[in-house]
Amino acid sequence: MTIQANINQAVLLLRSGDVIGFPTETVYGLGADASNPIAVRRIFALKGRPVNHPLIVHVQNREEAESWAVFNQMAIEIADRYWPGPLTLILPKRKHVLDEVTGGLDTVGLRCPSHPKAQSLLKAFGSGIAAPSANRFGRISPTSAKHVSSEFGPDLFVLNGGPSKIGIESTIIDLCDDKPAVLRPGYVTNSEIERQWGPLGHSDRSAPGTLKAHYAPKTSLLLSQNPKEDCQTLEARGLKVAMMEARPVADYARDLYGELRRMDQSDVDILVVEMAENEGVGIAVNDRLKRAATGSPHELEEIDVSKDNA
Ligand code: TXA
Ligand code: MG
């Protein structure tokens with residue numbers, strides 16, 4: 001099929017109330033017509049996601065975003081600086097925005113993705129697409145079309161846009177108060193926002209669904225300061241161990257979820273993970289690593305390597 005034929009098919013499916021997988025530069029989304037309550041409910045059913053976890057509405061530009069939410073001056077400036085791109089804005093919603101999308105909140109999350117196929121899709125569809133990451137609830141976000149199909153099976157139509165360039169979900173900024181508040185760190189960093197728009201505030205509005213344990217692989221994870229030593233210690237105990245080393249941080253973000261998925265396909269007992277340097281995009285990478293390690297089947301006490309290293 002040509003690219004245009006694929007986009008046309010995706011649009012037909014969206015118009016008839018179906019759910020599709022589609023690429024963005026951050027991670028793949030599971031999209032439906034944001035104005036169709038039945039279609040939006042299908043997303044929750046497919047993902048197994050609690051209905052009070054709101055969805056992001058994806059739009060083609062700021063003008064369209066303004067038909068979903070009320071933009072203040074700072075929101076206009078930030079959108080014009082970062083869109084299209086890996087940034088979601090939380091703003092007061094317009095009346096018509098469905099409770100199914102917002103989880104009953106009076107705010108809505110909006111994002112204009114830069115991936116060329118996402119852009120073509122949004123232009124051809126001509127309205128907002130509600131979409132969470134295209135993974136089952138609590139699991140690892142997908143960064144390829146293949147990941148999406150492995151989550152939901154071959155019956156789900158997935159628009160293939162190649163591997164996601166950024167690889168972790170968008171930065172979420174709440175702009176409902178005077179100061180911008182970061183609800184989820186991402187590729188657009190806290191310090192960038194702070195430099196331009198002043199000190200960050202704290203939002204009482206958390207992002208429902210940014211749970212402590214999330215992005216969870218099945219393989220146990222050990223976050224480590226001394227990955228090489230810890231690997232040796234664990235191997236000496238008879239465990240099958242793999243190591244994920246830190247690397248330039250944009251590469252780390254891009255590779256992260258694919259590597260965790262690869263581990264789940266392998267017979268590795270435990271993945272020893274070197275954290276990124278905790279600045280810039282490294283803050284977002286470490287945030288995802290910590291969530292992925294929370295609730296790992298191997299409790300930390302059980303694999304307390306510090307004693308062996310002492
Ligand atoms: O990069 C991304 O943001 C990807 C791609 C597909 O765009 N989407 C994504 O969606 O990560 P999801 O649903 O997996 O995560 C969105 C987060 C959720 O934690 C949700 O609670 C929060 O955004 N969110 C959405 N609307 C909100 C609102 N009105 N107020 C507070 N948080 C909101
Ligand atoms: Mg998600």
Just checking, does the stretch 171-178 include any residue being within 16 Å of ligand 2 (Cβ to nearest atom) and modelled with pLDDT of 95 or more?
yes
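Could you tell me whether Gly161 is at pLDDT below 95 and either crowded, with 16+ Cβ neighbours inside 10 Å or touching a Pro at 6+ places or on another chain (Cβ under 7 Å) (or both)?
no
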Failed item in (1) within 12 Å of ligand 1 (Cβ to nearest atom); (2) surrounded by 19 or more Cβ atoms within 10 Å (Cβ to Cβ), with Gly104 passing the rest
(2)
May I ask you to verify whether Gly161 is within 17 Å of Asn286 (Cβ to Cβ), within 13 Å of ligand 1 (Cβ to nearest atom), part of a loop (DSSP other than H, G, I, E, B) and in contact with a helix residue (DSSP H, G or I) (Cβ under 7 Å, 6 or more places away or on another chain)?
no
Checking Ala292, Ala253, Ala216 in turn, the sole residue that is touching a residue at least 60 places away in the same chain (Cβ under 8 Å), closer than 18 Å to Thr88 by Cβ, within 16 Å of ligand 2 (Cβ to nearest atom) and hydrophobic (A, V, I, L, M, F, W, C) turns out to be Ala253
Matching residues in the stretch 223-262 - criterion: being at positive phi and in a helix (DSSP H, G or I)
none
Suppose the filter is touching a residue at least 60 places away in the same chain (Cβ under 8 Å), over 20 Å from the mean Cα position of the chain (by Cα) and farther than 15 Å from Phe125 by Cβ; does Asn72 pass it?
yes
Looking only at the stretch 127-143, filter to residues that are polar (S, T, N, Q) and under 13 Å from the mean Cα position of the chain (by Cα); which one of those is nearest to ligand 1 (Cβ to nearest atom)?
Ser133
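The values are calculated or read from the model by the stated rules, or taken from the named source; none is laboratory data. Remember, predicted model here, so these are calculated numbers, not experimental data. Note that we place each Cβ from the backbone using ideal geometry, even for glycine, and neighbour counts take in every protein chain shown.
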